[in-house]
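The values are calculated or read from the model by the stated rules, or taken from the named source; none is laboratory data. Nothing here was measured: the structure is a model prediction, and the numbers come from that model. Quick reminder, even Gly has a Cβ in these numbers, built from the backbone with ideal geometry, and neighbours come from all protein chains shown. SASA here: full protein model, heavy atoms, side chains in, ligands and nucleic acids out. Shrake-Rupley method; radii C 1.70, N 1.55, O 1.52, S 1.80 Å.
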Amino acid sequence: MSPSDAQKLLDPLIHSLGFSHWGLQPLAKPQSFDHYRIWLEQKHHGQMKYLEDHAAAKENPSLVAPRARSLLIFAFPYGSGVPGSEKFPLKSNRVARYAQGYDYHFTLKEKLGEVIKELQQQWPSEEFLAVTDSFPLMERDFAAQAGLGWFGKNTCLIHPKKGSLFLLCEILTSLDFNSAPNPLPDFCGTCTRCIDTCPTGAIESDRVVNATKCISYWTIESREVPPVELREKFGDWLFGCDICQNVCPWNQKIYKGLLSSEVLLEHSAESAEELKNELLFLLTASGKQIARWAQGTPLARAGSFGLRRNALIVIANRKMIPLREQVLELSKDERLGDLAQWTLEKLDAT
């Protein structure tokens with residue numbers, strides 16, 4: 001099957017499902033794997049041990065997909081919102097844009113299922129497997145080879161017309177595509193806005209992000225309390241961070257000139273009250289209540305501990321004195337007590 005045949009067959013369906021652009025690539029050792037291995041050796045992945053565990057499969061995809069010969073790679077834009085945003089439980093707290101709706105893992109797999117139905121009709125004897133970023137695959141590497149974007153200095157994939165506000169997902173297939181790499185040029189040039197603006201210095205050099213300094217890592221992936229020297233730099237990000245993408249010139253057309261890279265988000269009196277009520281819920285609800293509240297959204301990834309931890313840092317950085325009583329109660333908590341005490345010190349210093 002040639003790439004042009006696949007394009008003619010799938011283009012109308014793919015765009016109707018909301019994907020912005022797509023490509024295909026033979027499945028082989030990723031070109032950037034050696035850089036990835038060095039990144040792991042430098043412990044830039046922090047507590048994300050699963051990245052170490054998945055390294056062998058990422059280097060050799062045939063270990064987890066023996067019959068797969070190629071993959072189709074799809075980009076799903078979220079700059080103007082994500083499915084389920086109208087039902088998202090947080091309205092005033094600052095959350096990374098991709099996470100403001102339904103869990104994209106489920107949404108994207110449903111869309112890929114529609115593509116697989118079309119492929120299966122044409123090739124009933126072939127195998128097709130829908131995967132997202134939870135699968136051990138260096139998807140950005142293959143996407144870059146297929147021309148979906150170049151690696152920005154913040155390591156995000158950037159397309160000259162689509163920016164970087166898109167998610168990736170793939171279909172692994174036993175079909176053998178005769179497709180050569182077709183990467184885009186690097187258009188970052190001398191721009192260093194993402195590096196200069198990162199409040200924690202997580203982008204340590206051109207295309208090297210140290211996760212142990214990243215706001216997204218600490219508010220989503222980590223199961224610990226962040227070090228004191230980083231907490232104030234988190235601003236009021238409750239879940240994730242968009243700063244390095246917000247300042248990227250290639251995203252300004254998508255934002256239509258709107259920048260939201262300031263560390264603290266300004267609130268009206270009405271939204272400030274809503275912000276307080278949302279944080280109050282996270283401090284006082286039970287773990288089960290928070291789990292039900294976050295179910296079906298990316299917020300579930302952080303769990304009740306992570307969301308309470310993040311709430312305490314937001315309260316400290318926004319000087320939310322009306323929540324002092326609830327913070328004081330958490331100062332007795334075995335895991336969060338020290339952080340709650342730090343938050344109290346910040347509130348009492350105002």
Single residue of segment 62-79 satisfying the filter (aliphatic (A, V, I, L, M) and under 24 Å from the mean Cα position of the chain (by Cα)) that is farthest from Leu129 (Cα to Cα)
Ala75
Is there any pair linking a residue in segment 243-254 that is assigned to a helix (DSSP H, G or I) to one that is open to solvent by 60 Å² or more (accessible area, probe 1.4 Å) and hydrophobic (A, V, I, L, M, F, W, C), with Cβ under 7 Å and at least six apart or on different chains, and which?
Asn246/Leu259
For Cys169, are the conditions met, namely being in a helix (DSSP H, G or I) and not aliphatic (A, V, I, L, M)?
no
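Matching residues to (1) farther than 30 Å from Glu224 by Cβ; (2) of a type outside the set (Lys, Arg):
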site: Leu10; (1), (2): yes, yes
site: Trp22; (1), (2): yes, yes
site: Tyr50; (1), (2): no, yes
site: Arg67; (1), (2): yes, no
site: Ser70; (1), (2): yes, yes
In segment 6-29, which residues are open to solvent by less than 30 Å² (accessible area, probe 1.4 Å) and either of a type in the set (Ser, Thr, Tyr) or more than 17 Å from Tyr78 (Cβ to Cβ) (or both)?
Ala6, Leu10, Ser20, Gly23, Leu24, Gln25
Among the residues of segment 176-205, which ones are among the hydrophobic types (A, V, I, L, M, F, W, C), at pLDDT 95 or above and not in a helix (DSSP H, G or I)?
Leu184, Phe187, Cys188, Cys191, Cys198, Ala202, Ile203
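Here is a yes/no grid of residues against (1) in contact with a Cys (Cβ under 7 Å, 6 or more places away or on another chain); (2) buried (at least 20 other Cβ atoms within 10 Å of the Cβ); (3) not basic (Lys, Arg):
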site: Ala143; (1), (2), (3): no, yes, yes
site: Leu148; (1), (2), (3): no, yes, yes
site: Thr155; (1), (2), (3): no, no, yes
site: Lys162; (1), (2), (3): no, yes, no
site: Leu175; (1), (2), (3): no, yes, yes
site: Ser179; (1), (2), (3): no, no, yes
site: Leu184; (1), (2), (3): no, no, yes
site: Cys191; (1), (2), (3): no, no, yes
site: Pro199; (1), (2), (3): no, no, yes
Mind counting the residues in segment 324-345 that are over 18 Å from Glu232 (Cα atoms) and either at pLDDT below 95 or among the hydroxyl-bearing types (Ser, Thr, Tyr) (or both)?
2
If we ask which residues in segment 1-49 are assigned to a loop (DSSP other than H, G, I, E, B) and either out of contact with any Pro (no Cβ under 9 Å at 6 or more places or on another chain) or free of Cβ contacts under 8 Å to residues at least 60 places away in the same chain (or both), their number turns out to be 13
Given Ser92, Ser80, which one is of a type in the set (Ser, Thr, Tyr) and open to solvent by 60 Å² or more (accessible area, probe 1.4 Å)?
Ser80
